[in-house]
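Participant: Right, I'll just put the structure down here and ask away after.
Since every read-out is calculated from the coordinates, none of them should be taken as a lab result. Not measured: the values here are computed from a predicted model. So basically every Cβ, Gly included, is an ideal-geometry build from the backbone, and we count neighbours across all protein chains shown.
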Amino acid sequence: MILRWRKMNTNEFDQRSLSSSSFGITNTIFLNCSSPQRLMFSLRSLMVMAVLTVSLLVLPVVLPPLPPPPLMLLLIPVFIMAVLILLAFTPSQVPNVAITSV
């Protein structure tokens with residue numbers, strides 16, 4: 001199934017949303033937005049999101065607690081943030097270039 005984006009008028013949208021159902025199960029769900037574009041989520045992507053949500057809720061209750069990671073692994077995000085802050089506040093080595101509007 002190849003999905004193509006194109007503008008549809010209201011009548012085409014109604015016909016497509018009615019004809020996309022098979023045995024009472026719709027293949028595509030259309031959500032109304034404030035913009036004229038409509039988002040499409042397939043049944044498969046909705047099921048994947050539902051399974052991930054349920055697993056995030058159930059697995060921490062079922063699995064035993066894990067030991068804390070080593071201290072060096074906990075310091076990696078702090079080191080990355082320090083490098084990013086250092087790079088943000090160091091002056092660039094690029095020479096000054098005069099910018100003029102055309």
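Participant: State the extension gain, in nm to one decimal, for the chain segment bounded by I85 and L71, taking 0.36 nm per residue of separation less the distance between their alpha-carbons.
Facilitator: Numbers: separation 14, 0.36 × 14 = 5.04 nm, distance 2.18 nm.
Contour length minus the Cα-Cα distance gives 2.9 nm.
Participant: While we're on this one: How much length is gained on full extension from Q93 to S42, taking 0.36 nm per residue of separation minus their Cα-Cα distance? Display every interim value, and only then the final one.
Facilitator: Working: separation 51, 0.36 × 51 = 18.36 nm, distance 4.94 nm.
Net length gain for the segment: 13.4 nm.
Participant: Further, regarding this structure: Just order 64-77, 87-100 by mean Cβ neighbour count inside 10 Å, highest at the front, would you?
Facilitator: Values: 64-77: 7.9, 87-100: 5.9.
Packing proxy ranking, top to bottom: 64-77, 87-100.
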